[in-house]
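Undergrad: If you scroll down you'll find the structure; I have some questions about it.
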Protein chains: 2
Amino acid sequence: MFEVKVTIGLKKGVSDPEGANTLRALKLLGFNNVKEAKMIRTVDLLIDDKNKDEVKKSVEQMCQRLLTNPVIHTYEIEIIKK
Amino acid sequence: MFEVKVTIGLKKGVSDPEGANTLRALKLLGFNNVKEAKMIRTVDLLIDDKNKDEVKKSVEQMCQRLLTNPVIHTYEIEIIKK
């Protein structure tokens, strides 16, 4: 079994409305020390496959076909053997 | 400056519809090696404060007042000096 963390962020220049709203709301609550807020999504998968290479290949495909939008997202794959 | 990563997950027993839908969609696409899918949100903050203790106190308050719902969420705070 492998645990795989796919961290999905936004490409440079793509607007992050959720982050912008979080920043605004924090300032409204009086947290003036916050200078930036970004939202990042992580998909945590449990995968049953032979070896790390197979897992990596499979997860790359998942990212391209479902998990991310290549136009706006960047992603990082971290694989942990369980 | 401090970079703070607040990782927000769901408490045990709280349903994760986004994760469940991701798992279903991956299986429909033929990825039968996936056994579990969980969605985790991370808020990445840039904070200007005197020291790590002040930052930690401030971020704890942000979590309680805005970023998380204590009934369903768990959170973890990671502080990196920049």
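Undergrad: To one decimal in nm, how far is B:GLU18 from the same spot in the other copies, if labels go 7 Å from Cα toward Cβ? Please give the shortest first.
TA: In ascending order, 0.4 nm.
Undergrad: Now for a separate question. Would you list which lysines come within 25 Å of A:LYS52, measuring only between C-alpha atoms, while excluding same-chain residues fewer than 8 positions from it?
TA: Cα-Cα hits under 25 Å: A:LYS5, A:LYS81, A:LYS82, B:LYS27, B:LYS35, B:LYS38.
Undergrad: Pick out, in residue order, every one of the trypsin sites (Lys or Arg not before Pro) in the stretch B:1-80 that is DSSP loop and has at most 14 other C-beta atoms within 10 Å; say none if there are none.
TA: On the way: sites: B:LYS5, B:LYS11, B:LYS12, B:ARG24, B:LYS27, B:LYS35, B:LYS38, B:ARG41, B:LYS50, B:LYS52, B:LYS56, B:LYS57, B:ARG65; in loops: B:LYS11, B:LYS12, B:LYS50.
Taking the stretch B:1-80 and a limit of 14 other Cβ atoms within 10 Å, the loop trypsin sites (Lys or Arg not before Pro) found are B:LYS11, B:LYS12, B:LYS50.
Undergrad: Counting only other chains, what is the mean number of Cβ atoms within 10 angstrom of the Cβ of each residue in peptide B:23-35?
TA: Details: counts 3, 0, 4, 9, 0, 1, 4, 2, 8, 1, 13, 9, 6.
Mean shielding by partner chains, rounded to a whole number: 5.
Undergrad: I've got another one for you. What are the distances, in nm and sorted shortest first, from the label point of A:LYS50 to the label points of the same position in each other copy, with each label point placed 7 Å from Cα along the Cα-to-Cβ direction?
TA: Copy-to-copy label distances at A:LYS50, shortest first: 6.0 nm.
Undergrad: Please turn the phi angles of the stretch B:34-40 into ³J(HN,Hα) values with the Karplus equation 6.51 cos²θ - 1.76 cosθ + 1.60 (θ = phi - 60°), one per residue in order, whole Hz, x for glycine and proline.
TA: Going residue by residue, I get 7, 9, 7, 9, 10, 9, 10 Hz, with x marking Gly and Pro.
Undergrad: Would you mind telling me the share, in percent, of accessible area of the stretch A:1-54 contributed by carbon and sulfur at probe 1.4 angstrom? Intermediate values should be presented prior to the final figure.
TA: Numbers: 1550 of 3020 Å².
Its accessible area is 51 percent carbon and sulfur atoms.
Undergrad: Here's something else I'd like to know. Please work out the average accessible area per residue across chain B, using the 1.4 Å probe convention, and give it in Å².
TA: Details: 4880 Å² over 82 residues.
About 60 Å² of surface per residue is accessible.
Undergrad: How far apart are the A:LYS35 label points across copies, placing each 7 Å from Cα toward Cβ, in nm, shortest first?
TA: 4.4
The values are calculated or read from the model by the stated rules, or taken from the named source; none is laboratory data. Only a predicted model underlies this, so the values are computations on that prediction, with no experimental measurement involved. So basically every Cβ, Gly included, is an ideal-geometry build from the backbone, and we count neighbours across all protein chains shown. Note: accessible area is taken over every heavy atom of the protein model, side chains too, but ligands, DNA and RNA are not part of it. Shrake-Rupley method; radii C 1.70, N 1.55, O 1.52, S 1.80 Å.
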